[in-house]
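To keep things clear, I will list the structure first and then write my remarks on it.
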Amino acid sequence: MLKPLAIGLILVFPVSSNVNAEDLLAVYQQALDSAPQLKSAAYKVEVGKAESGQAFGQMLPQVAGTANWSSNNLQQSGGLGLQSYKGTRYFVSLTQTLMDFGKFWEWRRTKEQERQFDAEHADAEQTLMVDVVKRYLAILDAEDQLRFIRQQIQAMESNQQQVNKQFAKQMVKITDVYEIEARLDQLKADEIEADSQLQTARVALKELTNIDSLELAHLRDGIEFKELDGKLEDWIAVAMSESPTLAAQRSAIAVASNNVAVQKSKYMPVVDMQLYFYDTNTGYQSEIISTGVTKTQVAAINVTVPIFTGGVTTQRVNEAQSTLGIKQEENEGKIRALIKETNESFSLANANAKRIRAAQKAQESAGKSLEAMQSGFKYGVKTVREVLEAEQAKYKAERDLAKAKYTYIVNRIRFLKAIGTINEDNLLEVNQWLQH
């Protein structure tokens, strides 16, 4: 009932092509084509299907056939001379399990394992979506931070020229000159660090796509960042039922439980039916049978009862039970982690939506304050320090607003991953927020 709310808030914007910038969907496709973790999960799915097929095949009739043709030379003492003859043997057998609980529970175990691998593959797909969004936005954030710093450097250099001229006319103090120089040096140091963070973000994205990222499309203006609807308790219930992470863990518990049954079945007797046909004209040591040909047909019921295995079966049961306990404790840990992730991402996304609105107001106020400070400085009622602080506050408000937008999107995507409903429609939603 709540699930459509998470994926239905798609804003529709007209899309126009831009060959100079890659958007989120293009980068995601690159990651799909090259992500090793996703390919590994896909191979595990195939492994699970193969193992399940093998286990089922063990319960079906097993048919084997052997044919032998030989040329024999037999020399015996006593004047019998040398005997040469052709020998043939044919053997066909059919064995059908009638009662073997071990094979049955092993088949059940592999079926659960197949479901586990399917869920892990789905989880890997969702994780890749989140990683692509995080790393894509990390680049945009780093580019914005670097751009803001460079804009601030340009503004500071302009201020420096103005203050130097005023200092030459003895209209400002030397301390004002030194303060601008110090701030400018700090900004240049910040520029180096910001550029380094941008390169790190690009390398992180390349890890997913194995392609050097080109120019990326940035967020457009005028987007309404809405708070998430619904109650947290309801979303946690959705997460408990929809999360592929928990689905995989539940299957892992079932795998371990069935393995306990497999090991316990080693105490049980095994019953199988055997039919075989044997045809030969040679006997012991390939001697020719005097009567010509021997044909044997046998139908048998074989019963194998385990009596003593040196304690091996008992220890295997103990091992399987301990493994089951491990999986159950791991499940409890993942449930708690999922509740925490759902709670945290839900709360942060809504807090970020409010912060964006507050940051927009702060940006407007900071811009007006800077204009007032610059006007006051022009008429000599404000100091250089006050102007610089107002300018710094303006750029800080712009950086905070940009970062709040990226943080909102990341936490929204985290939330959708936590409740297990994230899909490509959600990437399309974010992609439509970009400038194309």
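Please treat every number below as a calculation from the coordinates, not as lab data. All values derive from a computational prediction rather than experimental measurement. Neighbour counts are summed over all protein chains in view; Cβ atoms, including those assigned to glycine, are modelled from backbone coordinates with ideal geometry.
Points to keep in mind about this one:
- With both labels modelled 7 Å from their Cα along Cα-to-Cβ, the E215 to N423 distance reads 3.5 nm.
- Scanning the chain for chymotrypsin sites (Phe, Trp or Tyr not before Pro) that sit in a DSSP loop and have at most 14 other Cβ atoms within 10 Å, the longest stretch containing none of them is 1-307.
- If R0 is 51 Å, the Cβ-Cβ spacing of V303 and N73 corresponds to a FRET efficiency of close to 0.70.
- By other beta-carbon atoms within 10 Å, ranking T323, T88, T245 with the fewest at the front produces T88, T323, T245.
- For the residues L324, L275, L198, a GNM of the chain with alpha-carbon springs under 10 Å puts the largest fluctuation on L275.
- Length released on extending from T296 to Q161, taking residue separation times 0.36 nm less the Cα-Cα span: 37.5 nm
- Taking a sphere under 10 Å around the Cβ of T97 and counting the other residues whose Cβ falls inside, with K and R at +1 and D and E at -1, yields a net charge of -1.
- Computed E for M171/E364 - FRET, C-beta separation, R0 30 angstrom, nearest 0.05: 0.45
- Here the residues I422, I149, I335, ranked from fewest to most Cβ neighbours within 10 Å of their Cβ, fall in the order I335, I149, I422.
- Taking N72, N302, N318 in turn, the Gaussian network model of the chain (Cα-Cα springs below 10 Å) assigns the largest fluctuation to N72.
- The GluC sites (Glu not before Pro) of segment 153-233 that DSSP puts in a loop, and whose beta carbon has at most 16 other beta carbons within 10 Å, are E215, E224, E227.
- Amide H to amide H distances under 5 Å link F225 with no residue, where only residues 5 or more positions off or on other chains count and H is placed in the peptide plane.
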